[in-house]
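A quick write-up on the structure given underneath.
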Amino acid sequence: MPVKEEKRPGTLSTLMRYAGGFKWLTIVGCTLSALAMAANMVPYVCIWLVARDLIAVAPNWAEASDIALYGWMAFGFAVLGIVLYFAGLMCTHLAAFRTAVNIRKQGMAHLMKTPLGYFDSHASGLLRRRIDGAAAETETLLAHNLADISGTVVMFIATIVLLFVFDWRMGAAVLVAAVISAGAMFSMMGGKNAGVMREYQTALDELSKAGTEYVRGIPVVKVFQQTVYSFKAFKAAIDNYSERASYYEGTVCKVPQAVNLTFTEGTFALLVPVALFLAPGALESGDFAGFVANFAFYAVFSAIISTALAKVMFAASGMMLASDALSRINEVMSAPTLAVADKPQVPSDNSIKFRNVDFSYENSAIKALDDVSFTVPAGSTAALVGPSGGGKTTAASLIPRFWDTNAGAVLVGGVDVRDIDPHVLMDHVAFVFQNNRLFKTSISENVRAARPEATREEALAALAAAQCDDIIAKLPDGVDTVIGSEGTHLSGGEQQRIALARAILKDAPIVVLDEATAFADPENEALIQKAFAHLTQGRTVLMIAHRLSTVVGADQIIVLDSGKAVDRGTHDELVAAGGLYARMWEDYQKAVQWKIAKGVA
Ligand code: ADP
């Protein structure tokens, strides 16, 4: 499906959209943080006042009567700064957590609307990590970085004002150091080095991906007696990363980082020569006390510059992380959703009909289904057969809307499935596919997932009908045993029987099932067949049949080959017609006879 190019809103506006009503809390938090920073500046002015008064009365220190007042003022404003900052952070944290909750909620709500097939091509664990990870990564930006940014803006304005208020020449010296230091810092990240940094990040991502693949592949390495060197991709990723890292750190960052540190930490060294240069003039002017007070102020104040720059750097990296996280969640949020009819209709009976259905998977040029038409009347059994890749699973998947057709329509009870409320459709049809998932909860809860309001007795009856008595008997806590706990693992055939119990409990009038008994040993297979018989009794059944022995009694057999319905009829009709089915039946017979003959020999 072509995705419409849209202008993506910026990181902040996207986050504020997720924040909803909590946007205001973020604004209040940032304002409080800005006020806190303004309060934090006052003690520096107090230092200047103290220095000025002391030097003016030197050496008769006792005459400086306002010193205590300045001290208390500095203390008061410092405490006020802390209180305001804490209050601000409480607001931003609350907003951040609420926004993270909203991101998770909206992500999940969107996933609930995507077609089921989306989860075939997108692992559910990965989707969870995307939503969860994105929500967590935006927290730092919202909870800390934004408050710090607003504080830093105030700090910058106040710094510039204060730098020039007392002695612009010494202020300029401090500013020059700050500008050189900031320039060095940005040269590491901006301009042509931005590309180098991106390559470095990409190499790091690739290394982590290749590492995961390597760990996953350890069983293969062991089984086939391979060495680490067989993981060429992993080795290449390590080499690539080490090359990028040493280039970025050794060549790109070495000089700017040294300059940055020298000028942030050593502003004082630049201030001293300027002061020495200015001192004779100050002596002549007669206000040497004022000059020394100014020097003391700038010497102390220059330390603030490195804090300000560090905050800018953290804020920039927080912004980058959040923007990255939002672009990942954006992929989830732009997944196509199932269109839901405005005026849903209710199926009028229990039939299934395919009307000229065309369907191709995304990114695939071949039609998985090509003009397929058939009808399964209410209460009858139809089997889909045909060579592997013929389109059987695809056809069955279109009924619960794993995907929607490209052309034509799938009808349940005479209504296009796209016009049926998804909940009604799900109530109407029970699906038993090969990869039915069992949850990590008790057996009875797993069965009741189909119909949560069902009683325990009903769940037990469904388990009995699905021939699960032997499974329950051997489990330590019977139906209350949690699957996967304390080494309780069920075989594939056993899992399938539990899934059948779930479908039996659902008691839907239409059953779509994949009869694959690939997992099953002969004993399990016989039980699964019995469970099938229970499930399908008196219902409309569309069954994906993998072995012809099970389809002989079906009311109708539909043969799918390369996406086309090439034959349709009862077993006898199709054998008589001499088409693909007749050939498949012949092969099947030969195989059975060969097996019997081999067994006799
Ligand atoms: P069958 O169940 O008869 O073995 P399928 O319905 O699984 O056949 O497959 C029909 C065609 O669709 C095949 O060509 C197969 O390769 C293709 N196909 C099946 N699933 C996917 C998928 N998730 N993505 C792309 N192509 C697919």
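The values are calculated or read from the model by the stated rules, or taken from the named source; none is laboratory data. Predicted model only: the values in this text are computed from it and were never measured. Cβ atoms come from the backbone with ideal geometry, glycine included; neighbour counts cover every protein chain shown. All accessible areas refer to the heavy atoms of the entire protein, side chains included, with ligands and DNA or RNA removed. Shrake-Rupley method; radii C 1.70, N 1.55, O 1.52, S 1.80 Å.
Restricting segment 326-353 to residues that are modelled with pLDDT of 85 or more and in contact with a Gly (Cβ under 7 Å, 6 or more places away or on another chain), which is nearest to the ligand (Cβ to nearest atom)? Filtering segment 326-353 for residues that are modelled with pLDDT of 85 or more and in contact with a Gly (Cβ under 7 Å, 6 or more places away or on another chain), the one nearest to the ligand (Cβ to nearest atom) comes out as 351. Regarding segment 564-581, can at least one residue be identified that is hydroxyl-bearing (Ser, Thr, Tyr) and more than 15 Å from the ligand (Cβ to nearest atom)? Yes, segment 564-581 has at least one match. Counting only helices (runs of 4 or more DSSP H) that fall entirely inside segment 187-257 and contain at least 3 residues that are surrounded by fewer than 15 Cβ atoms within 10 Å (Cβ to Cβ) and basic (Lys, Arg), the qualifying elements are 192-216. Condition check for residue 264 on (1) among the hydroxyl-bearing types (Ser, Thr, Tyr); (2) touching a Ser or Thr at 6+ places or on another chain (Cβ under 6 Å); (3) over 29 Å from residue 156 (Cα atoms): one failure, at (3). When residue 393 is tested against the conditions (1) open to solvent by 60 Å² or more (accessible area, probe 1.4 Å); (2) free of Cβ contacts under 8 Å to residues at least 60 places away in the same chain, the lone failure is (2). Annotation: residue 295 fulfils all but one of (1) under 30 Å from residue 401 (Cβ atoms); (2) surrounded by 19 or more Cβ atoms within 10 Å (Cβ to Cβ); the unmet one is (1).
When the residues of segment 273-291 are filtered to those that are in a helix (DSSP H, G or I) and open to solvent by 50 Å² or more (accessible area, probe 1.4 Å), the one that is modelled with the lowest pLDDT is 288. When the criteria are applied in full, residue 328 fails the requirement of being open to solvent by 20 Å² or more (accessible area, probe 1.4 Å), touching a strand residue (DSSP E or B) at 6+ places or on another chain (Cβ under 8 Å) and not hydroxyl-bearing (Ser, Thr, Tyr). Would you check if there is a residue in segment 447-466 being out of contact with any Phe, Trp or Tyr (no Cβ under 9 Å at 6 or more places or on another chain) and within 15 Å of the ligand (Cβ to nearest atom)? Within segment 447-466 (the criterion being out of contact with any Phe, Trp or Tyr (no Cβ under 9 Å at 6 or more places or on another chain) and within 15 Å of the ligand (Cβ to nearest atom)), the answer is no, since none of the residues qualifies. Only residues that are touching a Lys or Arg at 6+ places or on another chain (Cβ under 9 Å) and of a type outside the set (Gly, Ala, Ser) were counted across segment 382-413, and they come to 9. Being within 16 Å of the ligand (Cβ to nearest atom) and among the hydroxyl-bearing types (Ser, Thr, Tyr): is that true of residue 302 here? For residue 302, the condition - within 16 Å of the ligand (Cβ to nearest atom) and among the hydroxyl-bearing types (Ser, Thr, Tyr) - is not met. Just one of the listed residues (375, 393) is of a type in the set (S, T, N, Q) and either within 9 Å of the ligand (Cβ to nearest atom) or in a helix (DSSP H, G or I) (or both), and it is 393. Taking residues in segment 528-544 that are closer than 13 Å to residue 504 by Cα, and partners anywhere that are within 16 Å of the ligand (Cβ to nearest atom) and not in a strand (DSSP E or B), the pairs with Cβ atoms closer than 7 Å and at least 6 places apart or on different chains are 528/517; 532/515. What are the residues in segment 356-372 that are part of a strand (DSSP E or B), exposed (fewer than 14 other Cβ atoms within 10 Å of the Cβ) and within 15 Å of the ligand (Cβ to nearest atom), if any? None; the set is empty.
Could you tell me whether residue 55 is without any contact (Cβ under 8 Å) to a residue 24 or more places away in the chain and of a type in the set (Val, Ile, Thr)? Considered against the rule, which asks whether it is without any contact (Cβ under 8 Å) to a residue 24 or more places away in the chain and of a type in the set (Val, Ile, Thr), residue 55 comes out as no.
Out of segment 331-350, which residues are exposed (fewer than 14 other Cβ atoms within 10 Å of the Cβ), in a loop (DSSP other than H, G, I, E, B) and acidic (Asp, Glu)? Across segment 331-350, the qualifying residue is only 342. Residue 387 meets all of the listed conditions (1) surrounded by fewer than 15 Cβ atoms within 10 Å (Cβ to Cβ); (2) away from the ligand (no atom under 16 Å from the Cβ) but one, namely (2). Taking each residue of segment 279-298 that is within 14 Å of residue 56 (Cα to Cα) and looking for partners that are in a helix (DSSP H, G or I) and among the polar types (S, T, N, Q) with beta-carbon atoms closer than 7 Å, six or more apart or interchain, yields nothing. Restricting segment 396-416 to residues that are over 17 Å from residue 510 (Cβ atoms) and within 14 Å of the ligand (Cβ to nearest atom), which is most open to solvent (accessible area, probe 1.4 Å)? In this case the residue turns out to be 406. Are any residues in segment 396-433 assigned to a loop (DSSP other than H, G, I, E, B) and closer than 13 Å to residue 346 by Cβ, and if so, which ones? Of everything in segment 396-433, those that are assigned to a loop (DSSP other than H, G, I, E, B) and closer than 13 Å to residue 346 by Cβ turn out to be 413, 414, 420, 421.
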